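What follows is a set of notes on a single structure, which appears directly below.
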Amino acid sequence: MQDILAMTYLWLKAGHIIFMVFWMAGLFMLPRQMIYCHEAAAGSEEEATWAKRMGLLRKIILTPSLIVVWVLGLALAMSIGAFDQGWFHAKLLFVLLLTGFHGFMVAKSKAMSRGDRPLSEKQLRLYGEVPGILLAVIVVLVIVKPF
Ligand code: HEM
């Protein structure tokens, strides 16, 4: 029984990390695609092409990965009893920030696909740095477990 639980934990963790990489890859790509879309004239064929690419990225990579990372992450937390540990509370805070950032960028990319330009190119470049910074904090929290 102990062996089965240990194996389950390892498979959950492997899946969690694989889908975390997919999610992060999507979060790195979306601001970049939004910059290309920003450069296209509203209503142009080029804008439609980027709108299609952003839609596919959201549908095939971003949304499914977000769900799988959350489900496996919560299953891991249950399996190791992480809910009363300080590092996990801090990780949850930053993961919630990352999830909020995901939702914010998805909403803005949908607006761009409709021809709006809700963010400047400079803002998009700045926002493109956010997932890398949050990723670094989250990985330190989960590996070092400083508290
Ligand atoms: C979405 C909600 C998330 C929850 C509830 C969650 C929860 C967890 C839990 C409980 C573990 C097991 C820790 C251990 O065994 O010591 C874990 C492992 C891990 N998580 Fe998450 N996580 C989430 C999202 C993320 C994100 C967004 C990242 C990276 C950006 C990430 C990176 C990792 C890494 C690298 C590990 C492996 C650590 C090790 O080697 O032990 N997680 N996660």
- When Leu30 is evaluated against the numbered criteria (1) at pLDDT 95 or above; (2) exposed (fewer than 13 other Cβ atoms within 10 Å of the Cβ); (3) of a type outside the set (Phe, Trp, Tyr), which criterion, by number, is the only one it fails? (2)
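Which residue out of Ile80, Ile4, Ile35, Ile18 is β-branched (Val, Ile, Thr) and within 14 Å of the chain's Cα centre (by Cα)?
Going through Ile80, Ile4, Ile35, Ile18 in turn, the sole match is Ile18.
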- Message: Testing Ile133 on (1) at pLDDT below 95; (2) farther than 13 Å from Met54 by Cβ, one condition comes back false. Which one is that?
- Response: (1)
- Mind checking which residues of the range 61-78 are of a type in the set (Gly, Ala, Ser) and either touching a residue at least 60 places away in the same chain (Cβ under 8 Å) or farther than 17 Å from Leu5 by Cβ (or both)? Ser65, Gly73, Ala75
- Is at least one residue of the range 114-129 modelled with pLDDT under 95, on the phi < 0 side of the Ramachandran plot and not acidic (Asp, Glu)? yes
- Message: Condition first: among the charged types (D, E, K, R) and touching a Cys at 6+ places or on another chain (Cβ under 7 Å). Can you find one or more residues in the range 42-60 that meet it?
- Response: yes
- Message: Please go through (1) in a helix (DSSP H, G or I); (2) more than 16 Å from the ligand (Cβ to nearest atom) for Phe22 and return the number of the only condition it doesn't satisfy.
- Response: (2)
- Note on the structure: Within the range 5-16, residues being within 8 Å of the ligand (Cβ to nearest atom) and surrounded by fewer than 11 Cβ atoms within 10 Å (Cβ to Cβ) number 0
- Message: Checking the condition surrounded by fewer than 16 Cβ atoms within 10 Å (Cβ to Cβ), touching a residue at least 12 places away in the same chain (Cβ under 8 Å) and out of contact with any Leu (no Cβ under 9 Å at 6 or more places or on another chain), which residue from Gly43, Gly100, Gly81 passes?
- Response: Gly43
- The number of residues in the range 84-97 that are exposed (fewer than 13 other Cβ atoms within 10 Å of the Cβ) and over 19 Å from Tyr127 (Cα atoms) is 2
- Boolean, Tyr9 is farther than 27 Å from Glu121 by Cα and not aliphatic (A, V, I, L, M): yes
- Message: I need the helices (runs of 4 or more DSSP H) fully contained in the range 30-147, keeping only those with at least 1 residues that are among the polar types (S, T, N, Q) and either farther than 29 Å from Ala14 by Cα or within 16 Å of the ligand (Cβ to nearest atom) (or both).
- Response: 45-56, 63-80, 86-113, 121-127
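The values are calculated or read from the model by the stated rules, or taken from the named source; none is laboratory data. It should be emphasised that the depicted structure is a prediction, and the values quoted were computed from it without experimental measurement. Note that we place each Cβ from the backbone using ideal geometry, even for glycine, and neighbour counts take in every protein chain shown.
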